[in-house]
1. If I filter segment 48-72 down to residues being surrounded by fewer than 13 Cβ atoms within 10 Å (Cβ to Cβ) and modelled with pLDDT of 95 or more, which single residue comes out as nearest to residue 88 (Cα to Cα)?
2. Output the number of the condition that residue 11 fails; it satisfies all remaining conditions of (1) outside the structural domain of residue 104 (by TED's automatic domain parsing); (2) out of contact with any Gly (no Cβ under 9 Å at 6 or more places or on another chain).
3. Take residue 290 and decide whether it is part of a strand (DSSP E or B) and of a type in the set (Ser, Thr, Tyr).
4. Of all residues in segment 1-36, which are assigned to a loop (DSSP other than H, G, I, E, B) and of a type in the set (D, E, K, R)?
5. Which of the residues that make up segment 164-191 are on the phi > 0 side of the Ramachandran plot and either surrounded by 13 or more Cβ atoms within 10 Å (Cβ to Cβ) or of a type in the set (S, T, N, Q) (or both)?
6. Looking only at residues that are in contact with a Ser or Thr (Cβ under 8 Å, 6 or more places away or on another chain) and under 30 Å from residue 64 (Cα atoms) in segment 12-29, which one is surrounded by the fewest Cβ atoms within 10 Å (Cβ to Cβ)?
7. Which one is modelled with the lowest pLDDT among residues in segment 328-344 that are part of a helix (DSSP H, G or I) and not polar (S, T, N, Q)?
Amino acid sequence: QATFIIPSANVKHTGKYECKVENQYGTHTSEINIDVLAPPSTQQKMQDFEVSRGQEVTITVTAEGSPLPTCTWYHNDKPITVQPDRIVIVDDGPSHTLKILDAQLTDDGQYKAVIENAMGKTELVSQVTVMDVPDISSEPIDIRVSHGGSCTLECHAPGKPVPEVKWTKGGKEIKPTENLLFESTPDGNHQLTINNAQSDHAGQYIANVKHKIRAQQMIFNVIVTAPLTVKQTPTDLNVLQTQNAVITFEVDGLPRPTITWLFNGTPIQSSPKYKMETKGNQIILTVNKTDFVDSGVYTAVVDNGIDKIEVPVKMNVGVKPKVEAAKPANDQSCVIGQDTQISWKFSGIEKPQVTWLFNGQPLEANERLQISESEDGTSTLSIKSAQL
């Protein structure tokens, strides 16, 4: 009698065994198959997953046991049904795999693999979190608001988990004030309201959307508008040759306008001849060392992209009037009772205006005193029946 003992038998001892007996007369062999039964066992736990909507999830478990165990998959305690285009189950010997090819929000939850055979069963659990990233517009949005009015910047940023949204302007986080109000709702709607809009409210505002998967930005360009109005409308100018001429006026309006200067309808640029300045609301054009060719119409085209106005100014460049008399005035003489004339010729650019004075007082024409002017600039005083 021969006995073969396997202490602490395990699955590795499963197989075919031979017992061979021999003596001087011959040999005899006997075979026996031994199956060592064992409940399912796994080497490690299943891992948890965090994925974006649309990504693939692969959960794999390897289980030993005798007989070879089966695997049944559950989602939130409900058996999983295979969907060839989206949910696939692959069993390969001790390896069991569940693939979710296009994860959706409904796939979020607990996944359980139940491993069992005739000797027992075991369960493994994996938590799958499907995250949804908000779809934020990448194109800047222009918001126009009238000076003193109100506007609302709205950023709709739903997601899973719900993202954090912070508002910034010029790289600095915006804090709520009397005229800057914030509002957020559980569904991911975030609003920034600007009340009593002023010029310093204009600029670029950014809604910074911070999600666990990635960060995004929604950009708003706030434009505060006000009608263009001209203050201190400039009057026409008369300047002497070689003098500097200065045209100045004030303009209100938002956004701040740009100024284009025209001379007789043709744009002019800053140069030694033309000095163009903007000081706050004040617009200044200086024409240096004027000459006759600088006479004409200067037009300021004021444009802020929303409104446009033109401010024309006529400028005349001249020289001081020159008196060209045949003889000095104190040499004029006449006979009492007779008619006489006094004529003086004047020149100048532009044509001088002549006023006659008598004993320092302006002389008014009447039946006896007549004043006339000729094309060549001669002004004539005609006296009828001269008297003392």
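The values are calculated or read from the model by the stated rules, or taken from the named source; none is laboratory data. Note that this is a predicted model, so its numbers are computed, not measured. Cβ placement follows ideal geometry from the backbone for every residue including glycine, while neighbour counts extend to all protein chains displayed.
1. Taking the candidates together, the pick is 58.
2. Result: residue 11 passes all but (2).
3. Here the answer is no, as residue 290 does not meet what is asked.
4. 35
5. Initial filter on segment 164-191 (on the phi > 0 side of the Ramachandran plot): 170-171, 188.
Matches in segment 164-191: 188 only.
6. By that ranking, first place goes to 18.
7. Checked segment 328-344; the qualifying residue modelled with the lowest pLDDT is 329.
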